[in-house]
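See below for the structure under consideration.
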Amino acid sequence: MKQRATTLLLMLPALLLLAAVFLYPLLRYGWLSFHASSVLTGLVPVPNGGANWLRLLSDARFWTDAGQTLRFAVCSVALELAGGLALALLLHQPLQGRGALRALTLLPWALPTTVMALGWRWILNDPHGPLNAAIRSLGGSSYAFLSTPATTWFFVVLADVWKTLPFVALLLLAGLQTIPVDLEEALRLEGASRVQILRRLTLPLLVPYIALALLFRLAQALGVFDLILVLSGGGPAGSTESLALYAYLNAMRFLDFGYAATVMLATFLLLLALLGGGWLLLRRGGIERTPDRAT
Amino acid sequence: MNLTPAAGLELRQLCRDLGERRLLDRLDLKVAPGECLALLGPSGCGKSTTLRLVAGLDPASAGKVLLDGEDLTDRGPGERQVAMVFQSYALYPHLSVEGNLALGLKVRGVPVRERQRRIEAILDLLQLQELRLRRPAQLSGGQRQRVALARALLRQPRIVLLDEPMSNLDAQLREELRPELRRLLCGREQPVIYVTHDQQEAVGMADRIALLEGGRLQQVGSPRELYADPANRFVASFLGRPAINLLAMEPHRQLGLRPEHLRLGDDGAVAARLQRREWWGHQQLLWLDTPWGTVRVLTAPETPLPTEPRLSWQRQHELWFDPRSGERLAHGRI
Amino acid sequence: MAVRSRLPSLRWRRCALMLLSAVLLSAVLLALLPSTGLVGAQPSAAQPIPIRVLMPAPLADAVAGPVARFNARGSGVAVEVVRGPLDTETISDLAISSLLLGEAPFDLLLVDVSWLAKYVAAGWLVPLERWFGPEVLAGMEPGARLGNGLGDHLWRMPLTGDTGLLYWRTDLMERPPRDTEELVALSRDLQRRGKVRWGYLWQGRQYEGLSCVMVEVLQAFGARWWNGATARTELDSPEAVAAAGWLAGLLRDGVSPKAVANYAENDALQSFAAGEAAFLRNWPYAWREIEKSDGPVKGKVGVTPMVGAPGEQGGGTLGTWGLSLIEGSPHPEEAVEVIRWLTGPVVQRQLAIEQGYAPTWSRLYDDADLQRRAPLLAVQRQALQHPQLRPLTPAYAQLSDLLARQVNGMLTAQEGPDQAMAAAQGQSLQVLRSVAGTTGPKGTASEG
């Protein structure tokens, strides 16, 4: 009992801070979403009932952006997990210069997103970017990659994958390193192939790490903002606009804070629903394992 | 040991290098079918390396691994039909006991029925029926060892390898499990190699002991042979507790005398003075000062000590070594 | 493995928790310290009054010299210029983030003409007519007087009189085109003869810059975005659709590259400076950039006011910057003195020479020495006679955002001009209705 009290006391500052940085804005958004607060009210919040939420329901742009954001998140996270796993398995091999290789793969992740996005914009520039230069040197003609929705979307996803794949790989690598070598050797002695080892042993043991990476990245990808702001500006024609960018435009450009808070909160609820759903799925799949009692 | 040249496991000039370091140096060893050979030695002596080479987990740098005359050297670990019990037991933590047993069979494509039958049989044999649904984390150390053993036996191995299988258990459990392990593993048609650093375990488990040091085989033979007729000083001092007394009596020869072979009386070759006494219940160990240094003597617990004790021994128990190389000197050999 | 790590992990977690709490606590304390006044010295009475001005980096650099001289005069005021980001939208984001925090982080803000209505509505600016009477603006070129007043107040003093300009290659033609048809005809001829890869480069990315281009194209075809009298947009008029159609045609016919649909000012300038095109739409700064570089078109570039369709009066979008006083500035009197000096002829002269910014004062345009040192001056003055103002409404950001979105959609061939403009008009009216619905007539504003 006494120990629990001490624990609580020790946790108090952390909890307070968490409440301050997390709970407070959330409550504030909730409150603001039931108010009109824009240049038209002199930025003074005036209660307007559920007007913001009603507007949201019929706001085609919000739902389009929600679809686009979801598509972006699902695609990039799926690619990151697949690629991250492959990279982690590669980095787990006892190669020469493995340490340097590991450090090298982390570079994209260490790069600030805006810098990275500017870099991609330059790479994809028509006609001066290196990608188009390469295409021309192969006899093709330049292509305006960022002027068509499909290619823009593709490269937004690619840039995100390029940047965060190392993070996923590192997380999974950490997971791989917790798997004792004995286990794999035992299975090899049974005559298992590499694929069988991966499927029967490595992947099941990596599940907690995969789930962690999934949750982490999904939450991040659903809030994608700076990458899109810089790389495509949400274009062409809004085809890559994300919910976070829409909320940002509402707040910082349109100064419509009531509606921005509504969009933000709706995004958060969407994320929560998605993560909750994913968690339930994991549980039902029986993959969620509680650590067993020690002997 | 009457072995036909082809039967059983044979290691021929087996070497393993890691970078510049030679972990195992030209090992020659034979293990007959049904024989249990203990690989004994201090840590880093090359015993685990040998085991991994036999299993095929590491490639041999030179030499051959032969089974019943068949060359296994270039075969992968999955193609050697080897069963191994790891020091850690290497149980799959995400699977139940049953799943642990089934996985190997699944991987090899054993049909469900056959799988089921064999698992039931092995669960019965090792009395694991009640634990079949538990995860490894829910088992005690002894239970885990039984599961690892069951998994090894399910493999229907041509060779059985055990890598310090009892080092994670407490001393009492170890002694209890030894006969069971022998019953289950030894005396069948497969050769068994048992790696340990514990001489008591080696003596208790093995028909023969191969003693390794620094990647080299020092001596191989029955426990009795190694004890009574050690090839060198290392073998003499590694085997036998309390350790052998090494006395620099002469400039070019070193005399080895085991504590249990020394007697204390009123007359003898060497004068001694009692320094310390360790009482062990069934025996007592005396530490004595002599002109050649401290000497350990093992006697019956209540042996009275003469007022002026002197040490004596029988000639046949003398073991002479070259003080520099440690090689056994022919003089004084039985 | 889970079992083995169990015991130590508990203790470790405790330790980590304690450490974390300690770190957090000290972080909170540190954060509180400055606001409680425990640390941080107050400026002593003898020190000059600091006046902080936020400006985009190029302008901040351009005024650095004059500011240093001003501070050296020892007038009791120390001007401190804060270098903001280069991009107009980004610096607005920065300014707004600071202003939202409540206390004015700076006394003066260099305000883009397109922000003004929004900032006024938000209540962040202080009216300036107390210090600057109507006669002050009379000394300025007509275009420079626009976009400073709103309601019955003067909200900013213009520092630059920039408008969108048409850049052309003096080595490829004898004179600049007179209208849009000539522009296209010249482009195609030069492209056909292999002199240039592209005809006309401009800004087609989905952002504020595309709205500026649209203002000019609409004007060129006799259409308009905003009707100040009705406070309504007129984007679906036949003229507006024709204007949009012309823009889309530039891409379709290859006069402009498809990549234009992702070009901002710098992308277009880069391509033009590399000698790839005959014409460029950009702001005055671009001329200095080209002349400062050692690119292939250096010394071969002329500038002309934006052209219209045959029979129509062309006009460049007004992109002026001006200084506004921030509400809550502790030293308004001193700050206004800084405005007076910074927007005065001395500084403007310097900006014209060094950066090519257009002055606002008429007498600077008559200055023969300045004419020689700032070759664009005559064209800039010409452009300031027919400048085009973007809609002066607090809802401008929404209107611009949706227009740029629709036009960009048209450029990337997702919609025809009539569909795009009809959609833009419909959405604009929706935005304006929501504006009217919330506050009534107070939300709309007339130009001053």
Segment A:48-282: C-alpha gyration tensor shape, a/c 1.5 cut-off, then a/b vs b/c = oblate
message = Using Cα-Cα distances under 8 Å and only pairs 6 or more residues apart, what relative contact order does segment C:300-426 have, in percent?
response = 23 percent
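Based on DSSP H runs of at least 4 residues, each adding -39500 (n - 2.57), what is the mean residue ellipticity at 222 nm of chain B after dividing by all its residues, to the nearest 500 deg cm²/dmol?
Dividing the helical sum by the residues of chain B leaves -7500 deg cm²/dmol.
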Sequence-separation-based contact order of chain B, relative, with Cα cut under 8 Å and 6+ spacing, percent = 17 percent
task = Just name one of B:LEU27, B:VAL112, B:LEU40: the one whose Cα is farthest towards the positive end of the charge dipole of segment B:9-233 (beta-carbon charges, Lys/Arg +1, Asp/Glu -1).
result = B:VAL112
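Run the dipole for chain C about the Cα centre, Lys and Arg Cβ at +1, Asp and Glu Cβ at -1, nothing else charged, and hand back the magnitude in debye, nearest 20.
It comes to approximately 1500 debye.
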query = What does the charge count near B:LEU128 come to, summing +1 for each Lys or Arg and -1 for each Asp or Glu among other residues with Cβ under 15 Å from its Cβ?
reply = +2
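By the gyration tensor of its Cα atoms, with a ≥ b ≥ c the square roots of the eigenvalues, what is the shape of the protein assembly as shown: rounded for a/c under 1.5, prolate for a/b over b/c, or oblate?
The shape class here is prolate.
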remark   = To the nearest 10 degrees, the tilt of helix C:417-439 (Cα long axis) against the first principal axis of the alpha carbons of chain C is 40 degrees
message = Can you give me the angle between helix C:88-100 and the longest principal axis of chain C, using Cα atoms only, in degrees from 0 to 90, rounded to the nearest 10?
response = 30 degrees
request  = Run the dipole for segment B:211-334 about the Cα centre, Lys and Arg Cβ at +1, Asp and Glu Cβ at -1, nothing else charged, and hand back the magnitude in debye, nearest 20.
outcome  = 220 debye
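Given the -39500 (n - 2.57) contribution per DSSP H run of 4+ residues, what per-residue ellipticity at 222 nm results for chain A, rounded to the nearest 500 deg cm²/dmol?
About -21500 deg cm²/dmol.
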task = Determine the calculated [θ] at 222 nm for chain C from helices alone, applying -39500 (n - 2.57) to every DSSP H run no shorter than 4 residues and normalising by the residue count; nearest 500 deg cm²/dmol.
result = -14500 deg cm²/dmol
key: Alpha-carbon centroids, segment A:26-92 and segment B:95-116: separation in whole Å   = 48 Å
message = If you filter segment B:149-229 for trypsin sites (Lys or Arg not before Pro), then keep DSSP loop positions with at most 14 other Cβ within 10 Å, what is left?
response = B:ARG188
message = What is the angle, in °, between the Cα long axis of helix C:345-355 and the longest principal axis of the Cα atoms in chain C? Nearest 10 is fine, range 0 to 90.
response = 70 degrees
remark   = Plugging the Cβ-Cβ distance of A:THR178 and A:LEU280 into 1/(1 + (r/R0)^6) at R0 = 35 Å yields, to the nearest 0.05, a FRET efficiency of 0.85
inquiry  = How high is the relative contact order of chain A? Use alpha-carbon pairs under 8 Å, at least six apart in sequence, and give a whole percent.
reply    = 28 percent
query = In straight Cα distance, which lysines are under 17 Å from B:LYS64, not counting same-chain residues fewer than 8 positions off?
reply = B:LYS30, B:LYS47
remark   = In terms of the alpha carbon gyration tensor, root eigenvalues a ≥ b ≥ c, rounded if a/c is under 1.5 and otherwise prolate when a/b exceeds b/c or oblate, segment C:280-336 is oblate
query = Of A:GLY50, A:LEU183, A:TYR143, which is farthest on the positive side of the dipole of segment A:48-282, counting Cα position, with +1 on Lys and Arg Cβ, -1 on Asp and Glu Cβ, and the Cα centre as origin?
reply = A:TYR143
inquiry  = Connecting C-alpha atoms closer than 10 Å in a GNM of chain A, tell me which of A:ALA174, A:ALA134, A:ALA82 has the biggest fluctuation.
reply    = A:ALA134
remark   = Taking every residue of C:250-259, the Cβ atoms of other protein chains inside 10 Å of its Cβ average out to 3
query = Counting DSSP beta bridges with both partners in the protein assembly as shown, what percentage is antiparallel, nearest 5?
reply = 70 percent
ask   = Over what distance in Å are the Cα centres of segment C:389-420 and segment C:215-257 separated?
value = 10 Å
task = Would you please give the FRET efficiency between A:LEU158 and A:LEU106, computed as 1/(1 + (r/R0)^6) with r the Cβ-Cβ distance and R0 = 22 Å, to the nearest 0.05?
result = 0.75
query = Considering the dipole of segment B:96-150 built from charges on the beta carbon (Lys and Arg +1, Asp and Glu -1) around the Cα centre, which of B:GLN129, B:ASN100, B:SER140 is farthest to its positive end?
reply = B:ASN100
inquiry  = Only helices at least 20 Å long along their own axis, judged from Cα atoms, and with Kyte-Doolittle mean hydropathy of 1.6 or greater: name those in chain A from DSSP H.
reply    = A:203-222
query = Over what distance in Å are the Cα centres of segment B:155-203 and segment C:327-348 separated?
reply = 92 Å
task = Please tell me which of these pairs span more than 31 angstrom C-alpha to C-alpha: C:LYS258/C:LYS300; A:LYS163/C:LYS195; C:LYS195/C:LYS258; C:LYS258/C:LYS298?
result = A:LYS163/C:LYS195
key: Selected from A:GLU184, A:GLU80, A:GLU241 as most flexible by GNM, with chain A as the system and alpha-carbon contacts under 10 Å   = A:GLU184
request  = With a Förster radius of 56 Å, plug the Cβ-Cβ distance of A:LEU16 and C:GLN385 into 1/(1 + (r/R0)^6) and report the FRET value to the nearest 0.05.
outcome  = 0.35
key: Candidates per GluC sites (Glu not before Pro) in segment B:162-266, loop by DSSP, up to 10 other Cβ within 10 Å   = B:GLU189
ask   = Where in segment C:269-334 are there GluC sites (Glu not before Pro) that are in a DSSP coil and have at most 15 other Cβ atoms within 10 angstrom of their Cβ?
value = C:GLU327
message = Students often get this wrong: which residues of segment C:326-369 have the backbone nitrogen under 17 Å from the point 7 angstrom along Cα-to-C-beta of C:ARG130?
response = C:326-340
ask   = Under a point-charge model restricted to the Cβ atoms of Lys and Arg (+1) and Asp and Glu (-1), what is the dipole moment magnitude of the protein assembly as shown relative to its Cα centre, in debye to the nearest 20?
value = 3140 debye
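Bear in mind that the values in this text are calculations on the coordinates, not laboratory data. Quantities reported herein were computed from a predicted structural model and do not represent experimental measurements. Neighbour counts run over all protein chains shown; Cβ positions are idealised from the backbone, glycine included.
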